[in-house]
Structures are given as C-alpha cells and as structure tokens.
Protein chains: 2
Amino acid sequence: MTEEQLRSLANSIRKPDGAAAARARERQLHLTKPPGSLGMLEDISVRIAAMTGETGPDLSRRTLVVAAADHGVAVEGVSAYPQEVTVQMVRNFLSGGAAINVFSQHGSIDVIVVDAGVAADVGVPPAPGWVVHKIGPGTRNIRKEQAMTRKQAVEAAELGIETTRAAISAGAGLIGTGDMGIANTTSAAAVAAVLTGRSPTEIAGRGTGIPESRLAHKIAVIEDSIALHAPDPADGLAVLAALGGFEIGCLAGVIIAAAAQRVPVVVDGFISTAAALVAARIAPRASSFMIAGHLSAESGHAVMLDELGLEPLLRLGMRLGEGTGAALAMHLVEAASLLVARMATFEQAGVAGAEPESR
Amino acid sequence: MTEEQLRSLANSIRKPDGAAAARARERQLHLTKPPGSLGMLEDISVRIAAMTGETGPDLSRRTLVVAAADHGVAVEGVSAYPQEVTVQMVRNFLSGGAAINVFSQHGSIDVIVVDAGVAADVGVPPAPGWVVHKIGPGTRNIRKEQAMTRKQAVEAAELGIETTRAAISAGAGLIGTGDMGIANTTSAAAVAAVLTGRSPTEIAGRGTGIPESRLAHKIAVIEDSIALHAPDPADGLAVLAALGGFEIGCLAGVIIAAAAQRVPVVVDGFISTAAALVAARIAPRASSFMIAGHLSAESGHAVMLDELGLEPLLRLGMRLGEGTGAALAMHLVEAASLLVARMATFEQAGVAGAEPESR
C-alpha cells in the first residue's frame with residue numbers, strides 16, 4: 001500500500017448515517033422502558049445505527065486484533081519488565097493463558113494476534129488467528145532516532161487494514177483492538193502528547209507499574225524524544241514514524257479499515273487510544289466509528305479520549321492492555337444493539353406509556 | 001417462617017473466609033499481568049473467594065430474581081406511569097419483551113419473576129421461572145398507613161428466601177436481584193432515608209422521569225410518611241413494614257438467603273439497594289456477600305452504596321431497574337472469577353516477572 005492509497009482509503013470513510021441514528025433514537029422512545037433509562041447503552045445503540053446504517057445490527061460475531069511489537073526505547077529503562085516479556089506474552093496469548101484469552105473466550109470473541117515487529121522470533125508458525133508480519137525487529141530508540149521510516153509507518157497501518165478486512169470478510173460485525181509491547185506506554189504517551197498538544201507530564205503514567213521516581217525519567221525520555229524529532233502534529237504518519245510503534249501503526253490501520261467498512265470498533269486503553277488518535281489524524285471521520293471500551297487507570301487516558309470526543313463504557317481501574325477493556329466492553333456494546341433489535345414496544349406489549357401530566 | 005426463624009437464618013451467615021481471600025490475592029500476584037493491572041476485577045475475584053471459600057469458583061450458572069409488586073402510595077401521583085403498568089410489565093417479562101429479558105438471554109442468566117403483590121391478576125399460571133405469591137394486592141398508601149404488617153414483612157422476606165434456596169439448589173452459583181413496581185422509588189427512598197439517616201431530599205430522585213416540579217411533591221410524600229410512622233432505624237423489619245414494598249422485602253430475603261449459602265449476590269440499582277439496606281440491617285454480615293452491579297442515575301443511590309461500603313461495577317447512567325444493571329454486571333463478575341481460575345502464572349507461561357530494580 002502506498003501512502004496515496006492509504007489516504008484514499010481514509011477519504012473513503014463515510015459520515016455517520018444521520019437518518020439511521022434518528023430511526024434508532026425514535027425506536028428507543030417506543031421500547032418498554034422510561035425514555036433515557038438505559039443511559040449510555042441507548043446512546044451507543046444510536047451511534048451503532050449511525051455507523052452501520054442499521055437499527056440493531058447483529059454484532060454476535062466479534063473479532064479483537066491484538067497487535068504486538070517491541071520498542072527500541074525499552075533500553076532507556078522506562079518499563080518495569082525486560083523486553084523479552086513481549087515475546088513471552090505473545091507465546092502466552094497463543095497458548096491461551098493470558099487475561100485476553102480468558103476474557104475473549106468468555107465473551108465469544110475471536111482473537112487475532114499479530115506480530116507486527118516483536119524483536120525475538122516467537123517460534124510459532126502462522127495459523128488462523130496468528131499473523132506474523134514483522135515490520136522490523138522492534139522500533140529504534142526514539143530518544144536517538146526516528147522509531148521507523150515513513151514507509152514502515154504506512155506498512156504498519158496496511159498490516160492492520162489487511163487483517164481487519166479479512167476479519168470483516170469472515171463475518172465480524174464488531175472489531176476490537178488490543179496491544180502488547182514492553183515500553184509501549186512511553187511511545188504511546190509521546191504520540192499522544194504531540195497529537196493532543198499536551199505536555200508529557202499530563203499524559204504519561206506509571207505503565208506496568210514503575211515507581212514514582214522512574215516516572216520522572218520516563219517523562220524526560222518522552223520530552224527528549226519529542227524535542228529531537230518535533231514531528232508536525234497535523235501529520236499523523238509523521239508522528240507515528242517519529243515516536244510510535246509498529247503495533248500502534250497496525251492498530252491505527254485496524255481502526256481505519258473498520259471505519260471504511262462501517263463496522264464499529266471498540267478501542268481498548270492507553271496504547272489503543274494513541275493508535276486511535278493517529279487514525280483520526282489520518283482519517284478524521286474514523287472517530288465516528290470508535291467506541292471507547294474503558295477508561296484506563298493510566299493517567300492521561302482521559303485527556304486522549306476527550307480529544308476524540310469519546311466517553312468510556314467501563315471505569316474499572318484497569319491498565320493491562322491486550323484488549324482486555326475492549327473485550328469486556330464488547331459485551332455491553334452487543335447488549336446495546338440487542339435492545340433495539342429485540343425489545344418489545346409499548347404497543348406490542350400492551351403497556352401504557354407515561355401519563356401526559358407527568359411529562 | 002416466623003420472625004424468630006428469620007433472625008436465626010440471619011445469624012447463621014458466616015464471616016467471609018479470610019484465608020480463601022488471601023489465597024486469591026496471592027494467586028493474582030503470580031498471574032501473567034502486572035500486579036493490580038485488572039483493577040476492580042482483581043478486588044472482585046478476591047471478594048468472591050472470601051464469600052465462597054473457593055479460588056475462582058464456577059459462576060457459569062446464574063439466576064436473577066425479579067420481584068414485582070404494587071404500592072399504595074401510587075395514588076399520591078409520585079410516578080410518571082399509571083399503576084397498571086406494573087402488571088403490564090410483568091406480562092412483558094413473561095413474554096420476553098423487556099430489557100431484562102434481552103440482557104439475561106444475552107448473558108445466559110436464568111430469570112425468575114416473582115409476583116410478590118401486584119395489584120391486578122397477571123393471568124398467567126405459575127410455571128418454571130414464574131412464581132405467584134401475592135403477600136397482598138399491593139401495599140397500603142404509606143402516607144396514610146403502614147405499608148404492610150410486620151408479619152407480611154417477614155412473609156415477603158420468606159418468599160425471597162424460598163425462591164433463592166430453590167435456585168441455588170438447582171445449581172445457581174451467582175444470584176442477581178431486580179424489581180418492578182410503579183411508585184417503588186418512593187417507597188425505596190423512604191426506606192433508604194431512614195436506614196441511612198439522610199434526608200429524603202438527598203435520597204429521592206426523578207424515578208421513571210417525573211418533572212422537577214413533581215419531585216418536590218414526591219419528597220413531601222416521603223417526608224410525611226416517615227414522620228407518620230417514625231420507624232426505629234435499628235429495626236430493619238419495622239422500616240420495611242412501615243415504608244417498604246412486598247418486592248423490596250422479597251429482595252431482602254433473596255440477599256439474606258444467598259449470603260446464608262455463601263453465594264455472591266449482584267445487587268441492581270436503587271430499589272434493590274434499598275432491599276440490600278434492609279437485608280444488612282436484619283443480617284449485618286449479609287453485606288459481605290453483596291456486589292454492587294451498577295451506579296444508578298437515580299440520585300441518592302451513591303449514598304446508599306456508601307452506607308453498605310460497596311463500589312459499583314458499572315456507571316452507565318442507567319435507571320431502569322428490572323435487574324438490568326445486575327444482569328450486565330454479572331458478566332464482569334464471572335470474568336473476574338475466570339481470571340483466577342484460568343489465567344496462566346508467570347511460571348507456567350515462562351514469562352519473566354518485573355525487574356527487581358523497578359519495584
């Protein structure tokens with residue numbers, strides 16, 4: 001895929017379907033419940049109608065793309081875990097022992113794990129649900145060099161696009177995002193700081209759980225990296241290439257592809273939302289197709305969601321990544337769509353509406 | 001059941017199992033994720049271990065009890081809907097058209113609807129999942145009389161106890177609560193105001209959606225009712241009898257029975273939490289077995305949860321009742337238990353732990 005082709009795909013994303021949204025909103029008023037009494041689920045059902053053009057579409061087939069990659073900036077000592085944990089956790093995903101495996105099995109979600117650039121060889125041959133396409137052996141250290149070339153940034157997005165197109169062709173009506181990559185909260189915070197115009201102090205958090213003392217170092221690394229490259233905030237690919245990660249680029253592609261096919265995409269936490277910011281910068285209309293799965297405990301996530309105009313469904317103090325927040329939220333998203341599809345109206349059920357004098 | 005028998009059951013509730021909680025907490029530290037990174041789900045998994053005595057018990061069989069009854073105080077014009085909506089909605093539950101039907105089917109939850117005192121005849125013969133045991137044809141108008149006799153209050157609790165015992169005998173490992181009853185936010189707010197020691201203004205909200213002007217009237221009705229009966233806040237049955245509802249008493253029984261059998265119980269919103277306050281007053285150890293499903297949009301719910309020391313799982317701005325918040329939260333509760341049961345440890349998965357210097 002060329003950059004030109006990526007831009008063309010981004011430009012092909014349609015506006016949400018206002019007429020379908022109005023139909024869903026109208027239908028909510030006739031369902032056997034006080035108007036507005038299902039809160040955010042009603043809003044989500046209306047947004048899903050706007051995205052898909054359908055009132056209460058079938059979201060029973062769901063796919064979550066977990067992109068993994070390594071980060072050169074890990075050598076700066078910004079994570080609580082050694083870099084080899086990335087490949088070890090990918091193997092854990094493939095053998096079904098990670099949190100995302102438990103949640104996705106529980107929620108009937110198909111998981112596709114993508115090796116977008118894990119430094120070590122995972123040693124498992126590609127199979128259904130397991131895509132190996134290393135853009136590179138981890139990114140370069142952003143404190144010293146650009147994370148990747150602009151060509152690699154496009155390639156990372158393309159990887160997510162192709163993976164998502166295949167999942168949608170196979171029947172997925174709802175897409176989710178997830179990530180794995182030691183040191184990727186550093187990269188994601190750098191990307192998010194540039195794209196939101198906020199300072200790294202406002203965005204960066206303790207990631208996997210570094211002590212307060214190391215957080216100051218992590219913020220200094222992010223500040224140095226941004227100062228070194230000073231990418232144009234209006235150019236999503238430039239920010240991704242300078243400061244991002246292969247999994248972040250891949251997830252931006254996942255989001256753009258879902259939006260282009262009018263499939264709702266449930267965005268996970270801190271890393272996935274940095275990818276969503278990149279996607280929205282490349283393809284501004286993509287944000288209409290995003291649903292924020294949860295609010296991460298990682299400080300700065302709320303700022304990122306604000307920038308995208310998204311309100312998170314879950315607030316459970318989670319900060320694991322892997323798509324765990326998205327997987328749990330997908331259950332709520334399907335429930336919202338089912339309401340519109342299956343609930344009886346006042347007329348159908350023979351239930352009286354509100355008394356006129358109470359309105 | 002005599003009052004004495006009810007007290008004896010309440011006193012039989014055991015303290016949470018601290019050793020099992022410690023085992024679950026210890027296991028969380030070995031699972032392949034940074035410690036604490038699953039936030040509230042980790043806390044819930046520890047609490048479930050404390051309740052059940054098991055680390056990661058099987059919660060795949062779930063039953064939600066939806067208790068319905070009418071309220072004499074409806075004649076005071078405190079609801080946006082006419083009283084016949086109670087019986088109409090019960091019929092809607094039985095034919096599968098209500099929000100709780102959609103959510104429980106989606107979440108593989110068995111629903112038991114209980115007519116604890118709907119004013120009108122539902123006209124559907126008892127069947128599996130449908131219990132008819134009218135304590136009375138709705139309560140009396142609490143602004144003028146006690147809602148029910150003390151004997152009826154015990155009978156309402158007994159109804160919930162028997163229903164829940166049967167569900168647990170049939171295999172349910174997780175119980176949920178739900179309600180239906182026009183005007184029951186008035187009754188629940190009155191009960192909650194007395195049991196929390198707060199003023200009705202702090203507790204009562206707009207229920208099904210009455211306008212601001214009628215909220216003042218609703219609060220006056222609650223104030224009048226509390227002043228008329230002045231029940232002893234230390235006596236849960238007295239408060240229930242003076243101001244409660246048959247469904248509220250039934251749900252208090254559901255909670256006491258679940259706690260007595262060490263089965264976690266997911267409490268729904270405003271009405272269910274008023275029942276939980278009654279349960280906790282009759283059986284103080286019952287609160288250790290409660291999980292707050294969600295924070296209702298109904299003002300005052302947060303105060304009630306605070307009193308019980310519970311933090312809600314979901315915050316979706318819902319205010320429907322029927323058990324809709326509990327049903328959605330049950331998915332998260334099962335996910336929390338599955339984490340402990342199924343996730344691999346660092347050792348099992350060959351994943352490195354955090355670097356010592358990062359701790």
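With the label 7 angstrom out along Cα to Cβ, how close does A:R7 come to the same site in each of the other copies, in nm, nearest first?
A:R7 label point versus its equivalents elsewhere: 8.2 nm.
Largest first, what is the accessible-area ranking of B:V85, B:V124 with a 1.4 Å probe? The partial results should precede the final answer.
Working: B:V85 5, B:V124 60 Å².
My answer, sorted largest first, is B:V124, B:V85.
Taking every alpha carbon pair in the stretch A:1-157, what does the distance histogram look like in 10 angstrom bins from 0, in percent?
Calculated over all Cα pairs of the stretch A:1-157, the distribution is 9, 24, 26, 24, 14, 3, 0 percent.
Going by average Cβ density within 10 Å per residue, which order do the peptides B:299-307, A:186-194 take, highest to lowest?
Put in order of decreasing packing, that is A:186-194, B:299-307.
By how many degrees, 0 to 90 and rounded to 10, does the Cα axis of helix B:184-196 deviate from the longest principal axis of chain B?
70
Three principal axis extents, largest first, for the C-alpha atoms of the stretch B:21-67, in Å?
Principal-axis extents of the Cα atoms in the stretch B:21-67, largest first: 41, 20, 15 Å.
For the protein assembly as shown, just run the numbers: alpha carbon Rg, then divide by 2.2 N^0.38 Å, N being how many residues it has.
With N residues counted in the protein assembly as shown, Rg over 2.2 N^0.38 Å equals 0.99.
Give the dimensionless ratio obtained when the Cα radius of gyration of the stretch A:77-157 is divided by 2.2 N^0.38 Å. Intermediate values should be presented prior to the final figure.
Working: Rg = 14.4 Å, N = 81, 2.2 N^0.38 = 11.7 Å.
Working it through for the stretch A:77-157, the quotient is 1.23.
Give, to the nearest whole percent, the P(r) tail of the stretch A:44-112 beyond 20 angstrom, counting all Cα pairs.
On the way: 1212 of 2346 pairs.
Within the stretch A:44-112, distances greater than 20 Å cover 52 percent of Cα pairs.
Could you tell me how far the Cα centroid of the stretch A:187-203 sits from the Cα centroid of the stretch A:81-143, in Å?
25
How are the C-alpha pair distances of the stretch A:205-359 spread across 5 Å bins, as whole percents from the shortest bin up?
The distribution over the stretch A:205-359 is 2, 9, 15, 17, 17, 13, 8, 6, 5, 3, 2, 2, 1, 0, given as percents.
Among DSSP beta bridges lying fully in the stretch B:62-333, give the percent that are antiparallel, nearest 5. The partial results should precede the final answer.
Numbers: 1 of 25 bridges.
About 5 percent, rounded to the nearest 5.
Nearest 5 percent is fine: what portion of the DSSP beta bridges confined to the protein assembly as shown is antiparallel?
Working: 4 of 52 bridges.
Close to 10 percent.
Of the accessible area of the protein assembly as shown, with the probe set at 1.4 angstrom, what percent is carbon plus sulfur?
Reported share for carbon and sulfur atoms: 50 percent.
Any idea what the A:S108 label distances to the other copies are, label 7 Å down the Cα→Cβ vector, nm, shortest first?
Spelled out, the distances from A:S108's label point are 0.9 nm.
Quick one: give the max-minus-min coordinate of the C-alpha atoms of the stretch B:308-359 along each principal axis, largest first, in Å.
Reported extents, whole Å, longest axis first: 48, 24, 20.
Using Stokes-Einstein with the Kirkwood hydrodynamic radius over Cα pairs, what translational diffusion coefficient do you get for chain A at 10 °C and a viscosity of 1.306 mPa s, in µm²/s rounded to a whole number? Let's see the in-between values first.
Numbers: Rh = 20.3 Å.
The calculation lands on 78 µm²/s.
As an exercise, identify the GluC sites (Glu not before Pro) in the stretch A:145-216 lying in DSSP coil whose Cβ has no more than 15 other Cβ atoms within 10 Å.
Details: sites: A:E145, A:E155, A:E158, A:E162, A:E202, A:E212; in loops: A:E145.
Hits after loop and neighbour filter: A:E145.
Give me the dipole magnitude in Debye, nearest 20, for chain A about the Cα centre, with unit charges on the beta carbon: positive for Lys and Arg, negative for Asp and Glu. Numbers along the way, then the final one.
Details: 29 positive and 36 negative charges, 59 e Å.
Here the size comes out at about 280 debye.
Using just the helices of chain A, give the 222 nm mean residue ellipticity in deg cm²/dmol: DSSP H runs with n ≥ 4 each add -39,500 (n - 2.57), and the total is spread over all residues, rounded to 500. Mind showing how you got there, number by number?
Values: 15 runs with 177 residues, N = 359.
My calculation for chain A gives -15000 deg cm²/dmol from helical runs alone.
Check the straight Cα-Cα distances from B:K33 and name the lysines below 28 Å, setting aside those fewer than 8 residues away within the same chain.
Reachable lysines: A:K134, A:K218.
The values are calculated or read from the model by the stated rules, or taken from the named source; none is laboratory data. Worth saying up front: this structure is predicted, and the values here are computed from it rather than measured. As a convention, Cβ positions derive from the backbone with ideal geometry for all residues, glycine included, and neighbour counts pool all protein chains shown. Quick note on the areas: whole protein, heavy atoms, side chains included, nothing else; ligands and nucleic acids left out. Shrake-Rupley method; radii C 1.70, N 1.55, O 1.52, S 1.80 Å.
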